[in-house]
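Laboratory data are not the source of any read-out in this text; all were calculated from the coordinates shown. Computed from a predicted structure; not experimentally measured. Cβ placement follows ideal geometry from the backbone for every residue including glycine, while neighbour counts extend to all protein chains displayed.
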Amino acid sequence: MNDRSYTGGPPAGEWHLEDFRVGQRWTTVEREVTAADVADFARLSGDTHPLHVDEEYAASTRFGVPIAHGPLGVAVTMGLLHELHLVDTTIVALLGTTWRYLAPIRPGDRVHAELLITGVRRTREGSTGVVDRDLRLVGSDGTVVQEGQLPCLVRARGAGPDPAERAFGTTAWGELLARSLADDRAFASATATWDGAIGLHCGEQGVQLRIYRGTVLEVARRTPSGPTFALHASPRAWTELALGPTNDLIQRSGRGEFTMSGNAYEYLRLTKAVHLLVDAARALAGKDAA
């Protein structure tokens, strides 16, 4: 596990909601995907397309050889996840699968999975919670062949309260952020003549900070006039920005990991304030070490 803020851990198989923190990472063991695996998956699924089972046909394609079914990669990832033995006795359900196929898997390829926790939130009734798991299936040469999200429902030990320092895009996180910015003289100076709202979106979560002359007046899911501009990114992008070694928002924006909607002129005018806001978010994320 590669997590700069979490040490120790519960017994294998007994991880509850409270044991997970956004930013935790695990790398699984490696596994070879064999021709027998592909044949077995074709038989079980009924997908006997020649691309997967006919060497002569596959030789005429861009791949040159038979390749594994895309969903076989998902199945392999699930098996590798199980080998981590985190939630054997505490998992309640798999909540969904969002997946992308990026490169072919050929028989004989060796792959491993890389797990990043990007969200931890308690359900309304309190005894369970959702752990958002961002997965990458990686070949032995470092190529990411498949990636996606596999959120799961796990049991909780208690009823909370839960830390919000890494709950990006939520109102609770926005309130902590506003509290931090209240003592930031540089942020107050950068927004001293400004009147507007900044939206911060992490996946499906979104919050707005209503700012007037250097002060955050309101934190809400919606403000009366809407955001002047908003930043949008995936949970993975927010997690890596907040917990990475540097504030590399510009580089991530250049790669399309962060996008902007709304008034582009105001966004550019407040570039310094936005970076100070990200600095505050990074400082908050670093405090969530208990």
> Ranked highest first by average number of other Cβ atoms within 10 Å, how do 274-284, 83-93 line up?
Replying inline: 274-284, 83-93
> Kirkwood Rh over Cα pairs of region 208-275 into Stokes-Einstein at 20 °C, 1.002 mPa s: D in µm²/s?
Replying inline: 163 µm²/s
>> Based on alpha-carbon atoms only, what is the radius of gyration of region 171-287 relative to the globular estimate 2.2 N^0.38 Å?
In response: 0.96
> Measuring from a point 7 Å past the Cα of LEU44 along Cα-to-C-beta, which residues in region 94-109 have an amide N at less than 18 Å?
Replying inline: 94, 97, 105-109
> Using a simple spin-label model with points 7 Å from Cα along the Cα→Cβ vector, what separation in nm is obtained for LYS287 and MET78?
Replying inline: 4.1 nm
> What fraction, in whole percent, of alpha-carbon pairs in region 90-238 exceed 18 Å separation?
Replying inline: 67 percent
>> I need to check one value: relative contact order of region 178-290, counting alpha carbon pairs closer than 8 Å and at least 6 residues apart, in percent.
In response: 24 percent
> Dipole magnitude of the chain about its Cα centre, charges +1 at Lys/Arg Cβ and -1 at Asp/Glu Cβ only, in debye to the nearest 20?
Replying inline: 1080 debye
> Once amide H atoms are built 1.01 Å from N in the peptide plane, which residues 5 or more positions from GLU147, or in another chain, come under 5 Å H to H?
Replying inline: ARG100, LEU102, LEU137
>> Ignoring everything except DSSP H segments at least 4 long, calculate the 222 nm mean residue ellipticity for the chain; use -39,500 (n - 2.57) per segment, divide by total residues, nearest 500.
In response: -9000 deg cm²/dmol
> When N is the residue count of the chain, what does its C-alpha Rg come to as a fraction of 2.2 N^0.38 Å?
Replying inline: 1.16
> How far apart, in nm, are the 7 Å Cα→Cβ label points at ASP88 and ARG213?
Replying inline: 6.3 nm
>> Quick check on packing: order 160-166, 72-78 by the mean number of other C-beta atoms within 10 Å, highest mean leading.
In response: 72-78, 160-166
> For VAL138, what is the net charge nearby, where nearby means another residue's Cβ is under 12 Å from its Cβ and Lys, Arg count +1, Asp, Glu -1?
Replying inline: -2
> Out of ALA103, HIS16, VAL65, whose Cα points farthest toward the positive end of the dipole of the chain (charges: +1 Lys, Arg; -1 Asp, Glu; placed on Cβ)?
Replying inline: HIS16
> So what J values fall out for region 32-46 if you push phi through Karplus, 6.51 cos²θ - 1.76 cosθ + 1.60 with θ = phi - 60°, rounded to Hz, Gly and Pro as x?
Replying inline: 8, 8, 9, 4, 5, 4, 5, 5, 5, 5, 4, 5, 5, 7, x
>> Taking every DSSP beta bridge with both residues inside region 171-287, roughly what % is antiparallel (nearest 5)?
In response: 80 percent
> According to the square roots a ≥ b ≥ c of the eigenvalues of the Cα gyration tensor, what is the shape class of region 122-179, taking rounded for a/c under 1.5, prolate for a/b larger than b/c otherwise, and oblate for the remainder?
Replying inline: oblate
> To the nearest 0.05, how large is the calculated FRET efficiency for ASN247 and SER225 if R₀ is 30 Å and r is the Cβ-Cβ distance?
Replying inline: 0.55
> Roughly how many Å is it from the Cα centre of region 74-121 to that of region 213-249, as a whole number?
Replying inline: 29 Å
> What length, rounded to one decimal in nm, is gained on full extension from TYR265 through to GLU55, with 0.36 nm per residue of separation minus their alpha-carbon distance?
Replying inline: 70.0 nm
